[in-house]
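Data first, discussion second: the structure below is written as structure tokens.
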Amino acid sequence: MGETKNTSLGTVVTDFILLGLPHPPSLRTLLFLVFIIIYVLTQLGNLLILLTVWADPKLHARPMYILLAVLSFLDMWLSSVIVPRLILDFTPASKAIPFGGCVAQLYFFHFLGSTQCFLYTLMAYDRYLAICQPLHYPVFMNGRLCTILVAGAWVAGSIHGSIQATLTFRLPYCGPNQVDYFICDIPAVLRLACADTTINELVTFVDIGVVAASCFMLILLSYANIVHAILKIRTADGRHRAFSTCGSHLTVVTVYYVPCIFIYLRAGSKSPLDGAVAVFYTVVTPFLNPLIYTLRNQEVKSALKRITAGRGVTSENK
């Protein structure tokens, strides 16, 4: 059970109980193993992309792969904020999380998640310039500008996370303290507040739902122009390469944005499906990113072969 304490302001919650994902007890061991495997593969896959981009001069000099490396870094941290806590739901360990831990988890989840949201938009912009404006690409997307845009995404994400955490936990929480969710997220925590949450729900709708929907529409607009440009490419090989690169990005974006918009445009919802839907953009997307970008990206695969071959030659010389 969670703890509360009495103060001059009344009863105050000192920790929360995360109820986790609803699941049959018979599947507990299987789900425990599945999420552990997903977490380990997520970390290894994204680390592989990071090391590949860093080690290959042809990749880390190009904005597209700088953005991909940043995405991998974000995925590793986002997964670490969510999945280890989720795994505990399938063990006999205590489901309690300290009040400060809940604040930290909500902040980092929204900081990293919103930064990733902005980064996907930058990646769509990068692909739009590369395919639709190839002659202007070196001017509008060089290494320096790419660094500035990525830094801006991090700053905007940090501001967003701070606003959401501050607004959520400025409210009084006097019990009950059972969060009907697998993480400390805004809709689930707000249901426990002992005060009017109208302003919070409005800010959540605008700051998360509308912003995410706007970014998604900008990405779709970019890809509409990209598809139009690709269809003008005369060679089948050129069309295939362009569609392959952009198709992988659009697949990941759809898996990330659609569940996210579904959750936050319905901030007042108490649907039992919300937890299952949230797993897609909190657990599945960080796991899929390295698979999609590695298996469907010929340049990344070529870089991996060059790095492996280089190590082989080095070991033979020794």
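Some notes on this structure:
- Yes/no for Val155 being surrounded by 20 or more Cβ atoms within 10 Å (Cβ to Cβ), under 30 Å from Arg85 (Cα atoms) and modelled with pLDDT of 90 or more: no
- Total residues in segment 179-200, condition over 17 Å from Leu21 (Cα atoms) and buried (at least 16 other Cβ atoms within 10 Å of the Cβ): 5
- Candidate set: segment 251-274, residues that are touching a helix residue (DSSP H, G or I) at 6+ places or on another chain (Cβ under 8 Å), hydroxyl-bearing (Ser, Thr, Tyr) and open to solvent by 20 Å² or more (accessible area, probe 1.4 Å); chosen: the one modelled with the lowest pLDDT: Ser269
- Residue selected from segment 206-216 under the condition surrounded by fewer than 16 Cβ atoms within 10 Å (Cβ to Cβ) and not polar (S, T, N, Q), by the criterion modelled with the lowest pLDDT: Val210
- Checked against (1) among the aliphatic types (A, V, I, L, M); (2) within 29 Å of Gly175 (Cα to Cα); (3) open to solvent by 20 Å² or more (accessible area, probe 1.4 Å), Val70 passes all but a single condition, namely (2).
- Scanning segment 275-296 for residues that are surrounded by 21 or more Cβ atoms within 10 Å (Cβ to Cβ) and among the polar types (S, T, N, Q), we see that the one that is nearest to Trp54 (Cα to Cα) is Asn289.
- Which listed residue is within 30 Å of Asp15 (Cβ to Cβ) and open to solvent by 50 Å² or more (accessible area, probe 1.4 Å), from Trp77, Trp54: Trp77
- Sole exception among (1) modelled with pLDDT of 70 or more; (2) farther than 21 Å from Asn289 by Cβ for Gly238, by number: (1)
Table: residues versus (1) closer than 24 Å to Cys215 by Cβ; (2) surrounded by 18 or more Cβ atoms within 10 Å (Cβ to Cβ); (3) among the basic types (Lys, Arg); (4) touching a Gly at 6+ places or on another chain (Cβ under 6 Å).
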| residue | (1), (2), (3), (4) |
| --- | --- |
| Ile82 | yes, yes, no, no |
| Thr115 | yes, yes, no, yes |
| Phe118 | yes, yes, no, no |
| Ala124 | yes, yes, no, no |
| His136 | yes, no, no, no |
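- Checklist (1) at pLDDT 90 or above; (2) open to solvent by 60 Å² or more (accessible area, probe 1.4 Å); (3) not in a helix (DSSP H, G or I) applied to Pro22, failing item: (1)
- All conditions in (1) open to solvent by 20 Å² or more (accessible area, probe 1.4 Å); (2) β-branched (Val, Ile, Thr); (3) in contact (Cβ under 8 Å) with a residue 40 or more places away in the chain; (4) within 27 Å of Val258 (Cβ to Cβ) hold for Val103, with the sole exception of (4).
- Filter pass, Gly113 being under 22 Å from the mean Cα position of the chain (by Cα) and in contact (Cβ under 8 Å) with a residue 40 or more places away in the chain: yes
- Here Arg28, Arg62 are screened, and the one residue that is of a type in the set (Lys, Arg) and either open to solvent by less than 50 Å² (accessible area, probe 1.4 Å) or over 30 Å from Glu299 (Cβ atoms) (or both) is Arg28.
- Every residue from segment 84-94 that is surrounded by 20 or more Cβ atoms within 10 Å (Cβ to Cβ) and more than 22 Å from the chain's Cα centre (by Cα): Phe90
- Failed criterion for Cys215 (all others in (1) more than 20 Å from Leu67 (Cβ to Cβ); (2) part of a helix (DSSP H, G or I) hold): (1)
- Gly175 being in contact with a strand residue (DSSP E or B) (Cβ under 6 Å, 6 or more places away or on another chain), farther than 28 Å from His60 by Cβ and surrounded by fewer than 20 Cβ atoms within 10 Å (Cβ to Cβ): yes
The values are calculated or read from the model by the stated rules, or taken from the named source; none is laboratory data. These numbers come from a predicted model, not from an experiment. So basically every Cβ, Gly included, is an ideal-geometry build from the backbone, and we count neighbours across all protein chains shown. Each accessible area value is taken on the protein alone, full model and side chains, heavy atoms only, with ligands, DNA and RNA left out. Shrake-Rupley method; radii C 1.70, N 1.55, O 1.52, S 1.80 Å.
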